[in-house]
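Below: the structure, in structure tokens.
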Amino acid sequence: MVKGMRKKILVKEEYCIGCRLCEIYCVTAHSQSKNLIRVFRYELGELAPAVIVEEREYTTFAVQCRHCEEASCVRACITGAMHRDSSTGAVYVDRDKCVGCWMCIMVCPYGVIKRGTGSNKVASKCDLCLDRELPACVENCPNEALVLTEVNE
Amino acid sequence: MRYLIIGTGPAGIAAAEKIRGLDEENEILMLTSEEIAGYSKPLITYFLGRKVNEDRMFYRPPWYFEERNISVMTSTKVIEVNPAKKLVITESGEAINYDRLLIATGGLPIVPEIEGLNPSEMEGVFTFTQWKDSKDVAKYITDNDVTEAVVLGGGLIGLKTTEALLELGLKVSIVELSDRILSNTFDKKASMIVTSALQKRGCNVYTNDTIVQVKGKKKITKVVLKSGREIKTKLLIIAIGVKPNVGFLKESGVRVNRGVVVNEHMETNITDIFAAGDCAEFYDPRLGKSSTIAIWPVAFSEGEVAGYNMAGERVSYQGGIPMNSVEIAGVATISVGNTSAEVENVEILEYESDKRSVYKKLVIKDGKLVGAVFVGDIDRAGIYTGLILQKVDVSSFKDDLMRDDFGLVYLPKEYRKKLMEGELKVWLE
Amino acid sequence: MAKRRSTADFVLERDDYKCIRCLACVRVCSYGANFYDERENMVFTENRKCVGCHFCEAICPTEAIVVQHNPLAIRWNAHWTSEVVTDIMKQAETGGVLLTSMGNDKPYFTYFDRMVLNASQVTNPSIDPLREPMEIRTFIGKKPLSLELEESEGSVALKTQIAPQLKLEVPIMFSAMSYGSISLNASKSLAKAAQTVGTYFNTGEGGLHKDLKEFGENMIVQCASGRFGVNVDYLNAGAAVEIKIGQGAKPGIGGHLPGEKVTEPISETRMIPVGTDAISPAPHHDIYSIEDLRQLIYAIKEATRYKKPVGVKIAAVHNVAPIASGIVRAGADFVVIDGIRGGTGATPKVTRDNVGIPIELAIAVVDKRLRDEGIRHLASIIVAGGIRKSSDVIKAIALGADAVYIGTAALVALGCHLCQKCYMGKCNWGIATQDPKLVRRLNPEIGARRAANLLRAWALEIKEILGGMGINAIESLRGNRDVLRGVGLQEHELEILGIKPAGEAW
Ligand SMILES: Cc1cc2nc3c(=O)[nH]c(=O)nc-3n(C[C@H](O)[C@H](O)[C@H](O)COP(=O)(O)OP(=O)(O)OC[C@H]3O[C@@H](n4cnc5c(N)ncnc54)[C@H](O)[C@@H]3O)c2cc1C
Ligand code: SF4
Ligand code: SF4
Ligand code: SF4
């Protein structure tokens, strides 16, 4: 258990309009070029968004790693790649350690870990864009359906 | 005060982590019979297959223990526990006292009785549960120019080892007693898909069969199967399962059935002695049943529960279920819970893609999901695992479960809300 | 049916190099104008379906989209304008009344744009609103002609009984827009903005949704000819009651919310069965004279125990001044006058574009008439219909209004792009729609923030201008036509407005 402030993305289901901009901004934020058009033209094959937009009739919402307090993925990870960073409280994948055994995919109750494709055959998921002030999905959601908060634990 | 933990596997480490989280002062001492602590067992097959180098073997690197002020003694095998004096005796005769003790000694490989086989004397025959085994096998392969191997047991460890041997370019034959590989967790169809993927990679799979005789003088040269088939081989890996490693507790008074019997707080029958992981047998008071489930996530969770309770915080274990994720011959597979149709009164939902590259199966009992198998497409499998662990009634959205786009949006609003707000504790309470 | 012969009003241009096939534009267009062709791997637009709401343009992450007017949809002609020709074509196709929404968009004279304001130079110093107090708080309601004070033991107390008042921190309120014509999220946005800024929103004639009850202190409830959702609780739920006789976008006619829009929650708030047409008759069937109106005003005052101001809203028509006088004499605490530019959710185009008079003239004549009759203090004047900016507010108050109502401007703050298709109920911005998929597009938190920002911005500008004129309270601006001068206006228009031409001194 980590004590202290920890960032969390709130999902406001009732305001998601299903545009999926969060997905493309997520991909772009994690690309080489960081440019929407270049990502689309040259980089798309290797990248998958860490945020998933679900849709059914009138309900749509985006969901990305919840950075669980008692994270199932961390429990199940056999390499120690999936870990909670003690300074940020976020759950990360250490790409160098991950062997792609997909134990985490088996247990994450949100289904938000993806199998990396191509040369990145490691688990891939939301890293809260900690190198940015605001996560890309939050910053670019046109309707504030994703909101960054800090929770105290 | 000293917390003593026997075993540096996931159960032991999880316990140590939780104890340190709650108690920053008192001594934590961990013992392991192995030469190295903090490495990950499941990675030994990756190590053999050269997918993981020495550095990446460490689940928790040595500095990790130092940083948290956790002492570790390697090559220290416990041979006796004395609850009356609150101490344990090691192989070298040393007595180590404890205030609270955790037994997290994992499992031991099961070795069957086979004519002509005395593993300790015959070279080229290995079990495969420790890093040392992996190193030994690797060395044996190079030293003896091994080009083919026989793996006895088509379970998880057997297949993972097969995968590694295939990586090294060996020709592998799997011998499995039951009618299919991974019979514990897979149904026929799932096994078939994996079997044919293995066969495509040049692997022989012999089911309904076993080894009745091993030939060779100092080194193994051949195995004879029950069916009469003879296979020439310089290498035999025995991987027919593990049993709780509890022999050293014989005189201790700690209650052992198959494993060390523990309650939902991971307490044994003796005060201040706890057990967790592959060596433990959890008695679930709500089900009135006990089980030993030798998998990593269960070992880790039990370790956490033990840690909490050893440090004085009352936490209950919710019970685990068998589950596994393996990629074999390029096919990703996940199985969770009870996946065989043999149980009565179950409803089965199945999906199979045209080219049989994807297979999914769900088992529903009394309106609740109790098992799931995914082959080829494992994306979002954890949502189903969550439903199984949370015992959610799926009757109202049963027809949606097999949809291509199945996701959280199909879950009952209440459950989804709780889930999204992070209110659900999946493993412990 | 034969192929439609009318041409597209808008052309959507998509820069194919910039388009990243994210399909956001396809997903969001409620009119189904954008579509993706998988084989071509291209995104296309059916221009004829585009209503020019610019939602996809705003959403497109790469700015690949530009929505433009179809420049030559119809061959240019000063008399047979493309609008005229398109309208004829539509009517030739449908044989029906042309419906439209929002306010009159015709190039009538906007008097606000022909009036300029004064400023202090040398002889009367201007005031810096950042350094000195500036009062723009406004009270709506009946004022006493004089105050009687009581002195006892060295302290002074007010003896005169003051009629109930509305207290506005800015002289701007949100005009009546019913839940039904706009979405609940739009109503919530305005309600919340009114609450934060300290002013009022108006329920319109659609009754009161339960989620809006909590905003009662900042709410005016409306009672119109359909009497939807009106009962004693409703009348008491807000801070004031407004009887609606007419509205600027459709003077002389009633309203009609088609049955298919009367969904479960709407039926609940309007208190009518699901699926039935909600018809507001053209007149109130119990009001055929000023005396009848007086009865209703007092019936409502009784029902609200004389604790809330009761007002009357009318459209600005030729006889607006005597009618307003009658309303005041009938006991109204405030009169709302809605000019020819007033907006609406649905109205016949012919009415919207041709009936009524500009609000500027109406304010001037009503204020003058009430003053001449010595009854100006009996009621406040609230004006509406095309107030676009802070200078319009200042000019309206200088002409004699107490406060203004904004409708269109508020909706624009929420995202409205004036596509004038409210009546279709498919508003992409989530404002004029009841489709749950579209309503969610307006997050009331964002809406409230934006609407409140607009009021704050205008308030700052009003203070700025007041200071420039050396005035430190909005009280001193009201009816102070000396601060106005006309530019390019005819002598008689100047007379009606009661202002001098620019260039003429005091
Ligand atoms: C090859 C292989 C692959 C696997 N792959 C998977 C997988 O993909 N997924 C999965 O869920 N599970 C997998 N498992 C199972 C998983 O590794 C175990 O469930 C898990 O390691 C059990 O953890 P534990 O802490 O209970 O015991 P262990 O990890 O077995 O640790 C036991 C510890 O106790 C020490 N010890 C034992 N006896 C003594 C003694 N007498 N004195 C001192 N120390 C002692 C040992 O040295 C060791 O440190 C795999 C296992 C193997 C062998
Ligand atoms: S960007 Fe926002 S509104 Fe669009 S899909 Fe993502 S969460 Fe929903
Ligand atoms: S990946 Fe899943 S289990 Fe892990 S922290 Fe994120 S949401 Fe929780
Ligand atoms: S929103 Fe823009 S980038 Fe996306 S498909 Fe439409 S035009 Fe292309």
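The values are calculated or read from the model by the stated rules, or taken from the named source; none is laboratory data. Keep in mind the model is a prediction, meaning the values are calculated, not measured. Cβ atoms come from the backbone with ideal geometry, glycine included; neighbour counts cover every protein chain shown.
Some values worked out for this structure:
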{"quantity": "Residue among C:I300, C:I220 that alone is in a strand (DSSP E or B) and more than 25 Å from C:I357 (Cα to Cα)", "calculated": "C:I220"}
{"quantity": "Segment B:45-61 - residue that is more than 7 Å from every other protein chain (Cβ to nearest Cβ) and part of a helix (DSSP H, G or I) and, of those, nearest to B:A15 (Cα to Cα)", "calculated": "B:M57"}
{"quantity": "Hits in segment C:116-154 - residues which are surrounded by fewer than 13 Cβ atoms within 10 Å (Cβ to Cβ), at pLDDT 90 or above and of a type in the set (S, T, Y)", "calculated": "C:S146"}
{"quantity": "Residue in segment C:238-275 that is nearest to the chain's Cα centre (by Cα), counting only those that are under 25 Å from C:I381 (Cβ atoms) and of a type in the set (A, V, I, L, M, F, W, C)", "calculated": "C:A249"}
{"quantity": "Candidates C:L378, C:L399, filtered to the one that is at pLDDT 95 or above and over 20 Å from C:F112 (Cα atoms)", "calculated": "C:L378"}
{"quantity": "Residues satisfying the stated conditions in segment C:244-267, i.e. among the aliphatic types (A, V, I, L, M) and either buried (at least 23 other Cβ atoms within 10 Å of the Cβ) or modelled with pLDDT under 95 (or both)", "calculated": "C:A249, C:I253, C:L257, C:V262, C:I266"}
{"quantity": "Of all residues in segment A:44-92 being without any contact (Cβ under 8 Å) to a residue 40 or more places away in the chain and among the hydroxyl-bearing types (S, T, Y), the one that is farthest from ligand 1 (Cβ to nearest atom)", "calculated": "A:Y58"}
{"quantity": "Sole residue being under 25 Å from A:I78 (Cα atoms) and touching a helix residue (DSSP H, G or I) at 6+ places or on another chain (Cβ under 9 Å), chosen from B:A149, B:A164", "calculated": "B:A164"}
{"quantity": "Any hit, segment A:72-87, residues being away from ligand 3 (no atom under 12 Å from the Cβ) and farther than 18 Å from B:P42 by Cβ", "calculated": "yes"}
{"quantity": "Some residue of segment B:194-215 being within 14 Å of ligand 1 (Cβ to nearest atom), hydrophobic (A, V, I, L, M, F, W, C) and either surrounded by fewer than 19 Cβ atoms within 10 Å (Cβ to Cβ) or not in a loop (DSSP other than H, G, I, E, B) (or both)", "calculated": "no"}
{"quantity": "Any pair with Cβ under 6 angstrom, 6 or more apart, that starts in segment B:63-90 at a residue that is within 14 Å of chain A (Cβ to nearest Cβ) and under 14 Å from B:T32 (Cα atoms) and ends at one that is away from ligand 4 (no atom under 16 Å from the Cβ) and at pLDDT 95 or above", "calculated": "B:F65/B:V72"}
{"quantity": "Residues being facing another protein chain (nearest Cβ under 8 Å) and either more than 16 Å from ligand 4 (Cβ to nearest atom) or of a type in the set (S, T, Y) (or both) - total across segment A:15-65", "calculated": "12"}
{"quantity": "Residue that is nearest to B:M1 (Cα to Cα) [pool: residues in segment B:79-93 that are surrounded by 13 or more Cβ atoms within 10 Å (Cβ to Cβ) and charged (D, E, K, R)]", "calculated": "B:K86"}
{"quantity": "Every residue from segment A:84-101 that is within 16 Å of the chain's Cα centre (by Cα) and either within 10 Å of chain B (Cβ to nearest Cβ) or within 16 Å of ligand 4 (Cβ to nearest atom) (or both)", "calculated": "A:D94"}
{"quantity": "Residue in segment B:172-187 that is surrounded by 24 or more Cβ atoms within 10 Å (Cβ to Cβ), in contact with a Leu (Cβ under 6 Å, 6 or more places away or on another chain) and outside the structural domain of B:E352 (by TED's automatic domain parsing) present", "calculated": "yes"}
{"quantity": "Filter pass, A:S119 being within 10 Å of ligand 3 (Cβ to nearest atom) and more than 30 Å from C:V28 (Cβ to Cβ)", "calculated": "no"}
{"quantity": "B:L369 crowded, with 22+ Cβ neighbours inside 10 Å, more than 9 Å from chain A (Cβ to nearest Cβ) and not in a loop (DSSP other than H, G, I, E, B)", "calculated": "yes"}
{"quantity": "Single match in B:E67, B:E91 (criterion: within 15 Å of ligand 1 (Cβ to nearest atom) and among the acidic types (D, E))", "calculated": "B:E91"}
{"quantity": "Count of residues meeting criterion [modelled with pLDDT under 95, surrounded by fewer than 18 Cβ atoms within 10 Å (Cβ to Cβ) and either part of a loop (DSSP other than H, G, I, E, B) or aromatic (F, W, Y) (or both)] in segment B:264-292", "calculated": "5"}
{"quantity": "Members of segment B:1-44 that are over 13 Å from B:N69 (Cβ atoms) and assigned to a helix (DSSP H, G or I)", "calculated": "B:P10, B:A11, B:G12, B:I13, B:A14, B:A15, B:K18, B:L22, B:K41, B:P42, B:L43, B:I44"}
{"quantity": "Matching helices (runs of 4 or more DSSP H) fully within segment A:21-115 where at least 1 residues are within 16 Å of ligand 2 (Cβ to nearest atom)", "calculated": "A:21-29"}
{"quantity": "Tally of residues being within 16 Å of ligand 2 (Cβ to nearest atom), of a type in the set (V, I, T) and in contact (Cβ under 8 Å) with a residue 24 or more places away in the chain across segment C:17-50", "calculated": "2"}
{"quantity": "Single match in A:E144, A:E133 (criterion: free of Cβ contacts under 8 Å to residues at least 24 places away in the same chain, away from ligand 4 (no atom under 16 Å from the Cβ), part of a loop (DSSP other than H, G, I, E, B) and farther than 27 Å from B:I378 by Cα)", "calculated": "A:E133"}
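So that you can scan it fast, the table gives a plain yes or no per residue for (1) closer than 21 Å to B:Y283 by Cα; (2) in a strand (DSSP E or B); (3) among the β-branched types (V, I, T):
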{"residue": "B:S227", "(1), (2), (3)": "no, no, no"}
{"residue": "B:I231", "(1), (2), (3)": "no, yes, yes"}
{"residue": "B:I237", "(1), (2), (3)": "no, yes, yes"}
{"residue": "B:K243", "(1), (2), (3)": "yes, yes, no"}
{"residue": "B:E251", "(1), (2), (3)": "no, no, no"}
{"residue": "B:V254", "(1), (2), (3)": "yes, no, yes"}
{"residue": "B:R258", "(1), (2), (3)": "yes, no, no"}
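Residue-by-condition table, conditions (1) touching a residue at least 60 places away in the same chain (Cβ under 8 Å); (2) under 13 Å from the mean Cα position of the chain (by Cα):
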position: C:I363; (1), (2): no, no
position: C:L370; (1), (2): no, no
position: C:G374; (1), (2): no, no
position: C:G386; (1), (2): yes, yes
position: C:I431; (1), (2): yes, no
position: C:L442; (1), (2): yes, no
position: C:A452; (1), (2): yes, no
position: C:L455; (1), (2): yes, no
